[in-house]
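The values are calculated or read from the model by the stated rules, or taken from the named source; none is laboratory data. Note that this is a predicted model, so its numbers are computed, not measured. For neighbour counting, all protein chains shown are included, and Cβ atoms are generated from backbone atoms with ideal geometry for every residue, glycine included. We work out accessible area using only protein heavy atoms, side chains counted, and drop any ligands, DNA or RNA first. Shrake-Rupley method; radii C 1.70, N 1.55, O 1.52, S 1.80 Å.
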Amino acid sequence: MHDRFFIAAALREIGRLLVIKGENPFRARAYEQAASMLERLDEDLGRMIKQRQLTRISGIGPALAAVIEELYLTGESALLERLRAELPPGVVELSDIPGLSLKKIVALHNALGIGSVAELRAACEKGLVRRIKGFGEKTEAKILQAIQERETRPEQSLLHRALAESERLLAYLRADATVTQAEAAGALRRRRELVSRIRLVAASREPQAVVQYFSRLPGAAVTGMTRDACQIRLANGLPVDLVTVDPEHFANSLHYFTGSQKHRARLEEIAASKGLSFEPQGLRPNNGKKVSIQTEEDIYRHLSMQYVPPELREDTGEIEAALSGALPGLVNEEEIRGVVHCHTVYSDGKNTIEEMARAADRLGMRYLTITDHSPSAFYARGVKIDRLKAQWDEIARVQEQSRVKLLRGTESDILDDGALDYPDAVLEKFEVIIASIHVRSGMGPGPMTRRLVQAMKWPFVKIWGHPLGRLLLSRAPLECAVEEVLDAVAASPALIEVNGDPRRLDLEPRWIRVARERGIKFVVSSDAHSVDTLQNFRYGVAMARRGWLRRADVVNTMDTDDFMNAVRPLQTQRAKS
């Protein structure tokens with residue numbers, strides 16, 4: 001019998017091969033989703049298979065269940081073997097090189113027997129690839145450059161993907177009976193937007209056994225191993241470090257490997273001033289007395305400091321604040337009362353108003369803003385004025401059956417001159433307005449600053465949506481005088497969005513702190529385009545915490561009536577609290 005992690009790795013390979021072949025993307029995604037579900041499965045897989053209960057798992061139909069059962073019983077899959085046979089060796093690895101289509105990979109294999117990136121690089125360096133029909137010298141040079149960039153560029157993963165990987169890895173670790181505790185550390189625990197390495201800390205009395213177990217993780221390549229540590233590289237290229245420690249050292253080690261280096265260095269200085277050394281195993285006194293550390297809070301207590309949450313451990317002022325007792329109590333996920341910034345099928349969302357409302361109710365939310373795109377966003381099927389009545393009628397109909405308060409809203413484009421899309425007579429009828437830039441984002445710093453300042457002055461309460469417009473790993477933030485725009489926000493009844501879309505996570509934490517110092521209020525949003533992405537607000541909360549925001553700074557921690565009053569567009573004379 002084969003465990004769920006082995007089966008999940010095989011399902012992921014099937015999904016990837018289906019994508020490479022150009023098969024139905026929904027079918028490929030089903031295998032990826034099934035892999036994730038198996039990794040999180042709490043029930044006994046063998047019993048579920050024996051009792052024919054796999055189809056009880058959402059998204060697993062009879063065909064997928066049969067593949068899972070076959071893998072569980074035999075360790076093989078006829079579908080996986082067929083896909084491997086149909087495609088060239090190394091196709092998954094080679095498909096990661098930009099510009100290499102399946103057709104070109106087949107040509108490389110047929111002409112030169114290439115089945116790996118290393119073989120492809122060697123062939124390019126020898127000038128062999130240019131001789132293949134359809135390639136040429138320029139293509140060969142581009143391939144070689146892409147390989148070199150791939151090898152020298154540190155792999156970076158978006159926060160939500162790194163979190164998903166860490167949950168899978170932690171589930172695998174915790175399945176080992178010798179592991180008593182296991183948690184993620186490093187940049188991931190500090191909730192950095194981009195993660196270049198996953199760090200894990202596990203507690204066990206048998207570290208060598210844990211390391212050996214972890215080294216057998218399906219689909220991963222071991223890059224280093226000692227008695228109590230293991231380094232692997234996942235199939236997506238992301239490196240993972242595991243360190244195992246004695247259970248009594250777990251809190252110390254988790255803290256130490258969470259970092260950051262600068263934060264840790266400051267703590268070492270403080271410890272030294274108190275006659276202590278700060279090490280992965282804990283605080284060690286120079287006088288021989290034992291320092292008892294059961295939790296991370298104990299570490300800071302022994303250093304006469306407030307506890308510093310992981311998100312703040314960057315040496316950006318938290319040390320001084322903790323020493324003086326001035327660290328704020330940070331907002332948390334449980335304090336969010338409503339989901340803000342949601343799209344439906346009326347623009348570019350995947351689900352209906354009713355489906356979004358039901359999903360918000362399942363999350364325990366009290367209100368939901370329906371903020372589909374405005375007309376200028378034609379690429380996103382922006383809602384024209386003649387369709388607004390139909391949308392509002394549907395919101396009213398769904399409201400009759402919904403416990404969640406539905407608010408009529410818009411994500412209104414900020415036009416070139418700083419005006420908002422929709423005439424004022426229409427804007428004043430909304431219950432919430434998110435004002436965002438989607439086009440002409442490349443105008444220079446001067447014009448962009450004027451555009452944003454004018455938008456903030458527009459005589460409606462509005463939420464500045466995904467303020468600097470960045471897309472992580474693909475698009476830089478807008479060029480503007482940020483502090484000048486924040487001054488305009490502070491002088492207006494506007495609020496700022498902390499966008500929870502994991503591709504955005506905008507406004508970034510350093511600017512959140514600058515805005516907070518001006519007394520500006522915020523919403524933590526989901527920017528949801530489906531029921532599955534309603535929970536994006538959790539990533540937004542992580543950014544809000546990194547920006548030192550308290551519950552009082554975030555208006556969607558308010559109850560429904562107070563939130564509606566805080567964002568009502570026509571409260572132009574509302575004093576900022």
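With contacts taken as Cα pairs under 8 Å and at least 6 residues apart, segment 397-478 reaches a relative contact order of 29 percent. Less than 5 angstrom separates the built amide H of Ser157 from those of Val195, Ser196, all sequence-distant by 5 or more or on a different chain.
Antiparallel DSSP bridges in segment 95-253: what percent, to the nearest 5? Taking every DSSP beta bridge within segment 95-253, about 75 percent pair in antiparallel fashion. For segment 153-246, the residue among Asn236, Ala203, Ser215 whose Cα projects farthest onto the positive side of the dipole built from Cβ charges is Asn236.
How high is the relative contact order of segment 343-418, given as a whole-number percent (alpha carbon pairs under 8 Å, six or more residues apart)?
Answer for segment 343-418 is 36 percent.
Of Met37, Met443, Met356, the residue with the largest accessible area leads and the full order is Met37, Met443, Met356 (1.4 Å probe). The H on the amide N of Ser277, modeled in the peptide plane, is under 5 Å from the matching H of Arg284, Asn286, each at least 5 residues off or on a different chain.
Projecting the Cα atoms of Gln391, Ile114, Tyr300 onto the dipole axis of the chain, where Lys and Arg carry +1 and Asp and Glu carry -1 at the beta carbon, places Ile114 farthest toward the positive end. For segment 253-312, a simple Cβ point-charge model (Lys and Arg +1, Asp and Glu -1, everything else neutral) yields a dipole of about 240 debye relative to the Cα centre. Annotation: the antiparallel percentage among DSSP beta bridges lying fully within the chain is about 40.
Residue-wise HN-Hα couplings along segment 477-486, as the Karplus relation 6.51 cos²θ - 1.76 cosθ + 1.60 with θ = phi - 60° gives them from phi, are x, 4, 8, 7, 7, 4, 5, 5, 5, 5 Hz; Gly and Pro carry x.
With both labels modelled 7 Å from their Cα along Cα-to-Cβ, the Arg131 to Ala118 distance reads 2.3 nm. Between the listed residues Val339, Ala357, Ala377, the Cα displaced farthest toward the positive end of the dipole of segment 332-418, a dipole computed from Cβ unit charges relative to the Cα centre, is found at Ala357. As a length-normalised measure over Cα pairs under 8 Å and 6 or more apart, the relative contact order of segment 108-244 settles at 17 percent.
Matching the structure-derived semi-axes √(5λ) of the Cα gyration tensor in Å against the labelled list (1) 41, 35, 26; (2) 35, 32, 25; (3) 84, 46, 13 gives the label (1). Taking the Cα centre of segment 319-398 as origin and assigning +1 to Lys and Arg Cβ atoms and -1 to Asp and Glu Cβ atoms, the resulting dipole is close to 340 debye.
With both residues required to sit in segment 431-536, DSSP beta bridges show an antiparallel share near 10%. Couplings for segment 302-311, taken from phi via the Karplus curve 6.51 cos²θ - 1.76 cosθ + 1.60 with θ = phi - 60°, read 5, 9, 6, 10, 5, 5, 9, x, x, 5 Hz in order; Gly and Pro are left as x.
Here r is the Cβ-Cβ distance between Ala481 and Arg161 and R0 is 25 Å; the resulting FRET efficiency, rounded to 0.05, is 0.15.
Sorting 384-397, 532-545 by average packing, meaning the other beta carbons within 10 Å per residue, from highest down gives 532-545, 384-397. I'd like the distance between the alpha-carbon centres of segment 522-550 and segment 3-61, rounded to an integer number of Å. Using only Cα atoms, the two centres lie 29 Å from each other. Label sites at Ala235 and Asn24, each approximated as a point 7 angstrom past Cα along Cα to Cβ, lie 2.1 nm apart.
In order along segment 404-420, the phi-based Karplus estimate (6.51 cos²θ - 1.76 cosθ + 1.60, θ = phi - 60°) of 3J(HN,Hα) comes to 7, 6, 9, 10, 6, x, 8, 9, 8, 5, 7, 6, 4, 8, x, 6, 9 Hz; Gly and Pro are listed as x. Of the residues His373, His2, ranked by 1.4 Å probe accessible area with the largest first, the sequence reads His2, His373. Backbone N atoms of segment 319-348 closer than 20 Å to the 7 Å Cα→Cβ label point of Ser273 belong to residues 319-328.
Think of a 1.4 Å ball rolled over the protein heavy atoms: segment 325-408 then has 47 Å² of accessible area per residue. Rounded to the nearest 20, the size of the Cβ-charge dipole of the chain about its Cα centre is 620 debye, with Lys and Arg at +1 and Asp and Glu at -1.
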